[in-house]
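For reference, the structure discussed in these notes is given below.
Rule-based calculations on the coordinates, nothing more; no lab input. The structure displayed is predicted, hence computed values, not measured ones. Virtual Cβ from ideal backbone geometry, glycine too; neighbours counted across all protein chains shown.
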Amino acid sequence: MRPQDILMPVAAGLACKAGGFHIDPVRPVERAVITHGHSDHARAGHGAVLATQETLDMMRLRYGDNFAATTQAIAYGEEIRLGDVTVKFHPAGHVLGSAQIAVSCKATRIVASGDYKDAPDPTCAPFEVVPCDVFITEATFGLPVFRHGNAADEIKKLLASVKLFPERAHLVGAYSLGKAQRVIALLRLAGYDAPIYLHGAMEKITHYYASRGVAPGELRAVKGMKKADLAGTITLAPPTATSDIWTRRFPDPVTAFASGWMRVRARARQRGVELPLVISDHADWDGLTATIAATGAGEVWVTHGQEDALVHWCQTNGLAARPLDLVGYGDEEESETLPEGEDEA
Ligand SMILES: [Zn+2]
C-alpha cells in the first residue's frame with residue numbers, strides 16, 4: 001500500500017480514509033485522533049475524539065465538558081484498530097500527554113509526530129524514537145540557525161538576574177500549557193524554593209499538572225499582591241501579558257521570555273524582552289535531523305514551520321521528502337490569546 005493511500009493532507013487536516021479519522025483536524029470531523037492539547041492541534045466540536053487521558057483533560061479544561069460528542073483515552077504503547085488500520089500512541093516529549101501517532105496498514109507504518117522535542121523535560125514522558133517507513137515531522141525550528149542549548153543554563157541566567165536586581169520583579173513570558181510548568185520545574189531543580197507567582201491564566205493548567213504528579217512547589221496568585229511585595233520575585237505570565245498594561249503592577253519589571261525564538265536577537269528586541277531565555281518545547285535543527293535519521297524512515301513529510309530547509313536536508317541525505325502544506329497549525333506561542341478578564345491593569 002502506498003503511504004498516501006493511508007494518510008493524506010486535506011482541508012480538514014491529515015485524513016486517514018482507511019481508518020475513518022483525521023489527525024489533529026482543524027475543522028470539525030466525525031472522528032479525530034489528537035496528538036496533544038495545544039489549541040492549534042486540539043480543537044472543540046468533533047464527534048469522537050481519541051487521545052491520551054491528559055490531552056482529553058486539557059481539552060475539557062479549555063473548552064468545557066461538551067468539547068466532543070464522545071471521547072476515548074488511549075495510553076502510550078496501546079494499540080487500537082480503527083477500520084483497516086491500527087493506531088498506536090508513543091511519547092512525543094513536547095508537553096504532558098503529548099503523543100506521536102503511529103498508523104499502520106499491512107506492512108506500512110507512518111508516524112505522525114505532532115509537535116515534539118528530544119530534549120529532556122521533567123514535566124512529561126521522554127520522546128521515543130519509533131521506527132517507521134514514513135515520518136511526518138514538524139519544522140517549527142527547521143533552520144540550522146536554531147540550536148536551543150541547555151535549558152538549565154537559561155534558568156541559571158534568570159536566577160543570576162534575580163540576584164543582581166533584588167529590587168525589581170522578574171516577569172517571565174511562557175506559554176501557559178507546557179512551557180510555564182517546565183520553567184517552574186526547572187527553577188525547582190535549580191534549587192529555587194521561594195514562592196513562584198502566577199498570572200491568572202496559568203493557574204488552572206498548572207494545578208492540573210500538579211494533579212498529574214508534576215509538583216510545582218509553592219505557587220501564589222499575582223492578583224491581590226501589593227506592588228512593593230513583588231520586588232525580588234519571579235512571576236510567570238502568558239507572553240502577550242508581558243507587553244501589556246498588566247505589567248504596571250510590578251516594580252520596575254525585568255521582562256524575560258522563555259522561547260526557542262529567543263535565539264533570534266531581533267525577535268527579543270522587537271518584543272521588548274530584556275532577558276531572552278532560549279527554552280523550547282520543539283526540537284531544534286540538530287534534534288529534527290537526528291530524529292529523522294533515527295526513525296530509519298525512507299520518506300519524510302515536513303509540516304508546519306520552516307519546511308524548505310528540512311526537505312532539502314532530507315533529499316541531500318538520500319531520503320524522499322516533501323512539504324505537506326497543511327494549513328491551520330501555527331506556533332502556539334505566537335497565537336496564544338488571553339482569556340477575558342485577565343488583562344486588567
Ligand atoms: Zn504544540
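Data table
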quantity: Among the listed pairs Lys117/Lys179; Lys204/Lys226; Lys157/Lys204; Lys157/Lys223; Lys179/Lys227; Lys17/Lys106, those beyond 19 Å (Cα-Cα); calculated: Lys204/Lys226; Lys157/Lys204; Lys157/Lys223; Lys179/Lys227
quantity: Tail beyond 13 Å, pair distance distribution of the range 57-101 (Cα, percent); calculated: 64 percent
quantity: Where GluC sites (Glu not before Pro) fall in DSSP loop in the range 15-105, at most 13 other Cβ within 10 Å; calculated: Glu30, Glu78
quantity: 0 to 90° range, to nearest 10: angle between helix 151-164 axis and the chain longest Cα axis; calculated: 10 degrees
quantity: P(r) weight above 19 Å for the range 150-283, C-alpha pairs, percent; calculated: 44 percent
quantity: Measure of compaction for the chain (Cα Rg per 2.2 N^0.38 Å); calculated: 1.00
quantity: Which of Arg2, Arg322 has the fewest Cβ neighbours within 10 Å, and the rest in rising order; calculated: Arg2, Arg322
quantity: Degrees separating the helix 307-316 axis from the principal Cα axis of the chain, which is the longest one; calculated: 50 degrees
quantity: Ranked Arg60, Arg212, Arg31, criterion: other C-beta atoms within 10 Å, fewest first; calculated: Arg212, Arg60, Arg31
